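Only one structure is covered here, and it is reproduced in the block below.
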Amino acid sequence: LQPTTYLAIMRAVRAAWLRGGTSKGLYFQAKDIPSPGPRLDALVLGAIGSPDASGIQLNGVGGGISSTSKVAVISPSKVPGYDVDYLFGQVEIKDRHISWSGSCGNLSAGVGLFALAEGLVKPNFGANGVQNIRVWQVNQQYGMSVHVPWNVDAPMPPLNDFPDVPLMSLAGVPGKEPPVYVELEKPCGEKPLLPTGNVTDKLKMPDGSSVEVTLVTAGNPTVFVRATDCGLKGPELPAEMDYSKILPLVEHLRVEASPLLGVQQPSDQPRVAFLAPPDAYVSSSGEEIGAAESHLLSRISTPGRIHHAHTGTGSIALACAAHIKDSIAYQCIPDESRPTVDQALKIGHPGGVMEVKGNVALEDGVWKALGAGFERTSRYLMRGELFVPFEGRAP
């Protein structure tokens, strides 16, 4: 058979593989794949290589960790005032399940590149060499502006009439790329920022005792708890944690918090973040991080592990929580270094330090998230035909 004949008899779909922030994922145009439902789930699971009892996703393009087991579905927006809709799926590694309930802030950076490179949005860069792509986040129902510089690594026609946008290093990612600023508008959508109305709540621990937490819906539903209340110190790297104890605790707190956050299980939401005051530590890349370089420390969960850096949506939730007086995040920040609402929060995570802005206000006795944003980097890794298993051949 000729190669073209092989292509004709195999199941192929057009896709792209992009890194967004500290994650990687498959990006599809909605028109190229089935509508959300069992057929789409089967296609995505087969392409990524899930379920895989070994955890390595050997029979697909997934990388065996939650940060590389993701999918973004992009389409022209149905919401007035927005350019594209962004539907996110978190693909479980060992189970036959995709969670379509949450968002991925890191992959949000790649949505802007994908929309331009795939012709969903026409290039129209401003005088500063940056174009604003208006994105509607379908899962969590909020709007975003993704500010894409002209010199990103994406398959677009070369543009030479703009000034160079300086490159930046992103903690947890080798190399440098131009920054993509992701700005969230009303980052908890129409949901209350504090779902219970309380700045802190009590959750039951596995031993029957209670622990103080702050529950926040901005970005993604998130549980914030003191690291010291959970047997941690705060500066630990994921490799230094006892997963036989931490992961069952994370799952227990997720289940306890889900009804309060309005999350129905099974879901990859909410995430759990262990917080601590700023302290010196050595990052996963060997960089020495001084105590004065961050406002607080965070170690946040992602399916099956503690994140190697930090989730983007979790950083949004944390930036909002940090400005709510007496929240767990607020309590972890020393008064002498507390940022104002106009300043970025510096989060010390396993990969280094990231800066995130969160704008909140107390209106009529209710805390509201007015906006948030962070810088990421993103680039195309590949695009072309993605081959998926024939029906009945995938596990």
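Accessible area per residue of segment 154-291 at 1.4 Å probe, in Å²? Please report the intermediate quantities before stating the final value.
Details: 6610 Å² over 138 residues.
Dividing the accessible area of segment 154-291 by its residue count gives 48 Å².
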Which three numbers, in whole Å and largest first, are the semi-axes of the equivalent ellipsoid of the chain derived from its Cα gyration tensor as √(5λ)? 33, 25, 20
If you count only protein heavy atoms and use a 1.4 Å probe, how large is the accessible surface of Glu355, to the nearest 10 Å²? 100
Between the helical axis of 105-117 and the dominant principal axis of the chain, each derived from Cα atoms, what acute angle in degrees is found, rounded to the nearest 10? 30
Under 5 Å between amide hydrogens, which residues at least 5 positions from Gln29 or on another chain qualify, with H placed 1.01 Å from N in the peptide plane? Ile74
Packing-wise, with mean Cβ within 10 Å as the measure, how do 211-217, 285-291, 226-232 rank, highest first? 211-217, 226-232, 285-291
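Within the set Lys191/Lys357; Lys186/Lys357; Lys204/Lys245; Lys78/Lys186, which residue pairs have Cα atoms separated by over 23 Å? Walk me through the numbers before you get to the answer.
Values: Lys191/Lys357 20 Å; Lys186/Lys357 13 Å; Lys204/Lys245 16 Å; Lys78/Lys186 19 Å.
Beyond 23 Å between Cα atoms: no listed pair.
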What's the carbon and sulfur percent of the chain's accessible surface, probe 1.4 angstrom, rounded to a whole number? 53
For the modelled label position 7 Å from the Cα of Asp207 along Cα-to-Cβ, which residues of segment 229-253 have backbone nitrogen atoms closer than 17 Å? 229-233, 242, 244-250, 252-253
The rounded separation in angstrom of the Cα centers of segment 348-374 and segment 32-74 is 31
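To the nearest 20 debye, what charge dipole does segment 154-263 have about its Cα centre, counting +1 at the Cβ of each Lys and Arg and -1 at the Cβ of each Asp and Glu? Write down the numbers at each step before the final one.
Working: 9 positive and 15 negative charges, 61 e Å.
The dipole magnitude comes to about 300 debye.
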Calculate how steeply helix 38-48 sits against the longest principal axis of the alpha-carbon atoms of the chain, using the helix alpha-carbon long axis, and give the answer as 0 to 90 degrees to the nearest 10. 90
With every protein chain in place, what's the accessible area of Ile65 (1.4 Å probe, Å², nearest 10)? 60
In debye to the nearest 20, the charge dipole size for the chain, taken about the Cα centre with +1 at each Lys and Arg Cβ and -1 at each Asp and Glu Cβ, equals 940
Size of the dipole of segment 23-101 about the Cα centre, Lys and Arg at +1 and Asp and Glu at -1 on the beta carbon, nothing else charged, in debye to 20? 40
At a probe radius of 1.4 Å, what is the per-residue accessible area of Lys245, in Å² to the nearest 10? 140
Segment 279-293-segment 186-256 distance, computed between alpha-carbon centres (Å): 23
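The values are calculated or read from the model by the stated rules, or taken from the named source; none is laboratory data. All values derive from a computational prediction rather than experimental measurement. So basically every Cβ, Gly included, is an ideal-geometry build from the backbone, and we count neighbours across all protein chains shown. What goes into the accessible areas is simple: the full protein's heavy atoms, side chains included, and nothing from ligands, DNA or RNA. Shrake-Rupley method; radii C 1.70, N 1.55, O 1.52, S 1.80 Å.
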